[in-house]
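**Student:** Sharing a structure with you now.
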Amino acid sequence: MSPNPDCDMILKRISILNYKNLEQADLEFSPKLNCFFGQNGMGKTNLLDAVYFLSFCKSAGNPIDSQNIRHEADFFVIQGFYQAADGTPEEIYCGMKRRQKKQFKRNKKEYGRLSDHIGFLPLVMVSPADSELIAGGSDERRRFMDVVISQYDKEYLDALIRYNKALQQRNTLLKSEQPVEEELFLVWEEMMAQSGEVVFRKREAFIREFIPIFQSFYSFISEDKEQVGLSYESHARNASLLEVLRESRVRDQIMGYSLRGIHKDELNMLLGDFPIKREGSQGQNKTYLVALKLAQFDFLKRTGHTVPLLLLDDIFDKLDASRVEQIIKLVADESFGQIFITDTNREHLDKILHKVGGDYKMFSVNRGSVTEIGEGEV
């Protein structure tokens, strides 16, 4: 597969208080495979989301932090105890009280900017919510690119933050009832153009390198049944972004927002030569999304300093037996690091455990309480 990064970062233990429906959980994990079994709505996804929070400083499902506090409680706390390959311990703490700012600390020291933490604990999550990548608007697909690239490229994240700030300012000017000085527009347009060109170049380079990795995962899972592709479109491709923005300004003022720029980029998702949104069956869509995320994992592993954590939430739903089998083969491969997987179907999990052999832990999740299941227990 790909060259091994310098180290694996393993989540050894997590401690959760009042996060979503999880009142209290203190769990020790296997460095290889951790399975969570239980019916829908019991809290399996919330558990994975807590692990996600420790990597991205936010929930995968709900960007409003205070809404992740358990209904009856006034605060939540998530603590992750990690260990690097050389044995160095790392402790990540996140806490939030209602009506207060969240705290995010590494080894008891608070971060100046949350963006400094992104990429320290790379992580890829595959979940039913991914269906929005195909069905949703272009912002979902841009976010997919942003999440991958900003985990290995700080310059990208900084440029994206600068671009969005300038975009906001320009939109404020466009809405203004009063006439606005040309100079003022130019200040923000130049900042948008400068940071936007950086974002465009890095997105383009990423997609070029990403496509063959993605295609090889898809053909493995589907056993070469279909061909898939991706194509990237941007206003920055054929003209300088500054010119694009200046030419668009009069129309933008009529609309009251910026119609053109890298915040309108699109990533076309193709099955054969057609949009998968129109052509794909449920099974093909699901295969496409799983291949996309496993390729994201592989890509981050090649570019990063550590093997990402892999979170697989209800991944086998809507797939036929042969595709399930292919994914199980992939996931059992040595090239993956630590994996967290949920399912309502115990058989799927048992098949994976059988393939992986060795090191795993199995947990039962029921109404927000999580218990470890010993070997041989049902």
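Laboratory data are not the source of any read-out in this text; all were calculated from the coordinates shown. A quick note: this is a predicted structure, and the numbers were derived from the prediction, not measured. Reconstructed Cβ throughout: ideal geometry from the backbone, glycine too, with neighbour counts over all protein chains shown.
**Student:** Order these by the 10 Å Cβ neighbour count, fewest first: Cys94, Cys57, Cys35. Mind dumping the intermediate values first?
**Tutor:** Working: Cys94 21, Cys57 18, Cys35 25.
Ascending number of Cβ neighbours within 10 Å: Cys57, Cys94, Cys35.
**Student:** Among Cys57, Ala85, Gln338, flag the residue with its Cα farthest along the positive direction of the charge dipole of the chain, charges on Cβ as +1 for Lys/Arg and -1 for Asp/Glu.
**Tutor:** Cys57
**Student:** If you take the square roots of the eigenvalues of the alpha-carbon gyration tensor of region 261-311 and sort them as a ≥ b ≥ c, do you get rounded (a/c under 1.5), prolate (a/b over b/c) or oblate?
**Tutor:** Numbers: a/c = 3.01, a/b = 1.45, b/c = 2.08.
Cα axes put region 261-311 in the oblate bin.
**Student:** Where the only charges are on Cβ atoms (+1 Lys, Arg; -1 Asp, Glu), what is the dipole of region 202-301 about its Cα centre, to the nearest 20 debye? Intermediate values should be presented prior to the final figure.
**Tutor:** Working: 15 positive and 14 negative charges, 80 e Å.
With Lys and Arg at +1 and Asp and Glu at -1, about 380 debye.
**Student:** Under the rule that an exposed site lies in a DSSP loop and has at most 13 other Cβ atoms within 10 Å, name the longest stretch of the chain with no GluC sites (Glu not before Pro) of that kind, not counting the sites themselves.
**Tutor:** The longest uninterrupted stretch comes out as 224-333.
**Student:** Taking the Cα centre of region 133-303 as origin and charging only Cβ (+1 Lys, Arg; -1 Asp, Glu), how large is the dipole, in debye to the nearest 20?
**Tutor:** On the way: 25 positive and 27 negative charges, 85 e Å.
It works out to roughly 400 debye.
**Student:** What Kirkwood Rh does region 20-70 have if only Cα atoms enter the pairwise 1/r average? Answer in Å.
**Tutor:** 12.1
**Student:** Something else: Compare Gln338, Gln194, Gln296 in a GNM of the chain, Cα atoms joined below 10 Å, and give the one with the largest fluctuation.
**Tutor:** Residue with maximal mean-square fluctuation among Gln338, Gln194, Gln296: Gln194.
**Student:** While we're on this one: Using only the alpha-carbon atoms, how far is helix 241-255 inclined from the longest principal axis of the chain? Give it as 0 to 90 degrees, nearest 10.
**Tutor:** Between helix and principal axis, roughly 80 degrees.
**Student:** Given 10 °C and 1.306 mPa s, how large is the Stokes-Einstein diffusion coefficient of region 2-96 in µm²/s, with Rh as the Kirkwood radius over Cα pairs?
**Tutor:** 112
**Student:** Same structure, new question: Just going by the charge dipole of the chain, with Lys and Arg at +1 and Asp and Glu at -1 on Cβ, which of Ala129, Ile254, Gly119 is farthest out on the positive end?
**Tutor:** Final value for the positive-end residue is Ile254.
**Student:** Once you place label points 7 Å from the Cα toward the Cβ at Ala84 and Glu181, how far apart are they in nm?
**Tutor:** Spacing of the two 7 Å Cα→Cβ label points: 4.9 nm.
**Student:** Using alpha carbons only, how many angstrom separate the centre of region 156-212 from the centre of region 50-75?
**Tutor:** For region 156-212 versus region 50-75, the Cα centre distance is 29 Å.
**Student:** List, in order, the whole-Hz ³J(HN,Hα) value for each residue of region 288-294 obtained from phi through the Karplus relation with A = 6.51, B = -1.76, C = 1.60 and θ = phi - 60°; use x for Gly and Pro.
**Tutor:** 4, 5, 5, 5, 4, 6, 5
**Student:** Which whole-Hz ³J(HN,Hα) couplings does region 349-354 yield from phi under the Karplus relation 6.51 cos²θ - 1.76 cosθ + 1.60, θ = phi - 60°, glycine and proline marked x?
**Tutor:** Couplings: 5, 4, 4, 5, 4, 4 Hz.
**Student:** Return the single residue from Val307, Val244, Val51 with maximal mean-square fluctuation; model: Gaussian network over the chain, springs between Cα atoms under 10 Å.
**Tutor:** Comparing Val307, Val244, Val51 in a Gaussian network model of the chain, the most mobile one is Val244.
**Student:** If the convex hull of the alpha-carbon atoms of region 133-303 is projected onto planes in all directions, what is the mean projected area in square nanometres?
**Tutor:** 10.4
**Student:** Among Leu300, Leu270, Pro179, whose Cα lies farthest out toward the positive end of the dipole of region 133-303, if unit charges sit on the beta carbon of Lys, Arg (+1) and Asp, Glu (-1)?
**Tutor:** Sorting the options by dipole projection puts first Leu300.
**Student:** Something else now. With the calculation restricted to Cα positions, what are the radius of gyration and Dmax of the chain in angstrom?
**Tutor:** Values for the chain (Cα only, Rg and Dmax): 22.0, 74 Å.
**Student:** With a 10 Å cut-off between alpha carbons and a GNM built on the chain, which of Pro275, Pro63, Pro128 moves the most?
**Tutor:** With Cα springs under 10 Å in the chain, the top fluctuation among Pro275, Pro63, Pro128 is at Pro63.
**Student:** Would you please name the trypsin sites (Lys or Arg not before Pro) within region 74-138 that are DSSP coil residues with at most 12 other C-beta atoms within 10 Å of their C-beta?
**Tutor:** For trypsin sites (Lys or Arg not before Pro) across region 74-138 that sit outside H, G, I, E and B with at most 12 neighbouring Cβ atoms in 10 Å, the list reads Arg98, Arg99, Lys101, Lys108, Arg113.
**Student:** For region 70-127, what's the radius of gyration and Dmax over Cα atoms, in angstrom?
**Tutor:** 13.4, 41
**Student:** Also, I was wondering about something else. Can you give the Kirkwood hydrodynamic radius of region 211-274 from its Cα pairs, in Å with one decimal? List each step's numbers first, then the result.
**Tutor:** On the way: mean 1/r = 0.0704 Å⁻¹.
About 14.2 Å, per the Kirkwood formula over Cα pairs.
**Student:** From the helices alone, meaning DSSP H stretches of at least four residues, give me the mean residue ellipticity at 222 nm for the chain, per-run term -39500 (n - 2.57), in deg cm²/dmol to the nearest 500.
**Tutor:** On the way: 10 runs with 158 residues, N = 378.
Rounded to the nearest 500, it is -14000 deg cm²/dmol.
**Student:** Cβ under 14 Å from Leu114's Cβ, Leu114 left aside: what net charge do those residues give with Lys, Arg +1 and Asp, Glu -1?
**Tutor:** Values: positive: Lys58, Lys101, Lys102, Lys105, Arg106, Lys109, Arg113, Lys154; negative: Asp65, Glu110, Asp116, Asp158.
Net local charge, Leu114 excluded: +4.
**Student:** Something else about it: If I take all pairs of Cα atoms in region 74-195, what percentage of them are more than 21 Å from each other?
**Tutor:** Value for region 74-195: 62 percent of Cα pairs lie more than 21 Å apart.
**Student:** Okay, moving on. Applying the Karplus parametrisation 6.51 cos²θ - 1.76 cosθ + 1.60 with θ = phi - 60° to the phi angles of region 91-98, what ³J(HN,Hα) value in whole Hz is obtained for each residue in order, glycine and proline being reported as x?
**Tutor:** Coupling constants for region 91-98: 10, 10, 10, 9, x, 8, 9, 4 Hz.
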